[in-house]
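Working notes for the structure below.
Every read-out reported here was derived from the displayed coordinates using simple, explicitly stated rules and does not represent laboratory data. Nothing here was measured: the structure is a model prediction, and the numbers come from that model. In this analysis, Cβ positions are derived from the backbone assuming ideal geometry, glycine residues included, and neighbour counts consider all displayed protein chains.
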Amino acid sequence: MVTREECAALDAVDPLAAFRKEFALPDGVVYLDGNSLGALPVRTAERVRQVVEEEWGRELIRSWNDAGWFEQPYRLGRRIAPLVGAGPEEVVVCDTTSVNLFKVLVAALRLRPGRRTVLGDGEAFPTDLYIAEGATGLVEGARSVLVRPEELDRHLDGDVAAVVLSHVDYRTGELLDLPGITARVQAAGALMIWDVCHSVGALPVELGAAGADFAVGCTYKYLNGGPGSPAFLYVAERHLATGPRQPLSGWFGHARPFAFEPGYDPKPGIGRFLTSSPSLLGQAALGASLDVWERVDPAAVRAKSLALTDLFIGLVEGLDGIEVVTPREHARRGSQVALRHADGYPVVQALIARGVIGDFRAPDLMRFGFTPLYVSYTDVWDAARELAEVLAGGEWREERFSRRGEVT
Ligand SMILES: *Cc1c(COP(=O)(O)O)cnc(C)c1O
């Protein structure tokens with residue numbers, strides 16, 4: 001068994017250890033829920049204060065031009081692009097993941113007019129399925145069909161217009177073969193839409209190298225943009241060149257928004273996927289967190305993420321009532337570990353009371369996210385020890401740990 005001293009020795013030579021001080025985490029907390037809501041970067045409060053007091057409060061409407069507000073969705077998109085392996089003009093920051101998925105999905109259906117089926121993963125984060133249902137419901141004859149990723153090939157017939165999959169499964173932490181699946185979907189004549197919510201900032205995402213058609217992702221998980229921070233979308237340059245049409249044709253996607261013309265004429269390029277005024281306070285917070293990401297080596301993030309999840313799996317497997325659900329193979333693992341336990345909910349609550357914050361997904365999965373910028377090897381060791389104590393002592397049986405809030 002690995003000792004705490006061995007973990008401290010790993011921390012001492014960790015090339016990412018210096019990033020821990022970039023985050024304002026409370027003392028006494030081991031935060032293993034950065035896959036759901038990333039931690040607060042230290043610089044964010046000052047950046048948001050500056051935008052509120054100076055750009056908004058003092059400069060008022062002038063900031064649309066003078067502080068670059070109008071350009072912000074593009075500027076942030078260019079900064080996210082390297083994190084998803086995209087070109088600088090292929091990503092824009094706007095709206096939410098769900099809304100962006102709606103936009104790219106309808107655009108994809110319009111690019112495959114003879115085809116009417118959208119394939120999705122029946123176990124996916126449900127908002128993606130709800131959006132696929134809503135989007136196909138608007139297109140004559142279109143339908144959304146749910147399959148498991150391992151059955152995909154059998155369903156890739158001549159009617160499939162698009163496939164929507166999550167790069168990393170939000171429950172199990174399983175990582176899909178993004179280049180391989182993209183190639184098979186495209187060989188069948190369909191378009192591939194990736195949801196990278198659980199991979200961006202957790203591992204290198206190679207949308208461009210894989211030739212992916214579209215992608216959507218959120219910024220409040222591993223990217224630490226803050227609660228409800230704006231999402232992003234990616235459209236491959238070759239599709240942008242053909243002028244794809246998205247359905248939410250608002251004025252920010254118009255070629256000349258300040259001409260106030262009655263007819264819609266979309267912008268060339270990625271800008272046509274915008275709809276409305278950007279939420280600039282949320283974008284300001286995201287900008288602050290991307291300052292941190294600019295200095296991060298993605299290969300070091302992936303290496304440490306695998307080392308942290310390996311360590312945690314090694315420490316907790318064999319604990320009473322615990323089943324490790326996350327794949328052991330590195331090529332199939334994201335940056336979280338899911339543990340099945342019949343009483344997962346109260347066990348997680350008891351852990352949170354001890355300062356180890358993970359979360360729970362029904363019916364029986366405890367999730368622990370490992371964010372290499374601010375989680376250390378000793379954090380992992382401490383979390384595993386607390387879990388072992390909670391299970392051995394049975395404190396999770398206390399009634400207060402079974403009361404459920406709105407968000408689990
Ligand atoms: C977190 C997450 C979302 C979030 O959707 P919002 O519209 O931004 O609330 C969507 N899809 C997946 C796979 C997620 O993990």
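DSSP beta bridges fully contained in the range 165-271 are about 55 percent antiparallel.
Helix 126-137 and the longest principal axis of the Cα set of the chain meet at an angle near 20°.
Charged neighbours of W64, selected by a Cβ distance under 13 Å, balance to -3 (K, R count +1; D, E count -1). Only lysine pairs 8 or more places apart, or on different chains, with alpha-carbon atoms under 27 angstrom apart are counted in the chain, and they number 5. Taking the fewest neighbouring Cβ atoms within 10 Å as the starting point, the ordered list for S63, S166 is S63, S166. Taking other C-beta atoms within 10 angstrom as a stand-in for reagent exposure, R171, R62 fall in the order R62, R171, fewest first. Counting neighbouring beta carbons within 10 Å and listing from fewest to most, the residues V407, V52 come out as V407, V52.
One Cα centroid belongs to the range 330-408, the other to the range 119-197; the line between them spans 30 Å.
Under the criterion of Cα pairs below 8 Å and six or more residues apart, the relative contact order for the range 47-293 equals 23 percent. Our summary gives the range 338-383 a relative contact order of 38 percent, counting only alpha carbon pairs under 8 angstrom and 6 or more residues apart. Result for the chain in a Gaussian network model with C-alpha springs under 10 Å: among Y31, Y130, Y222, the largest mean-square fluctuation is at Y130.
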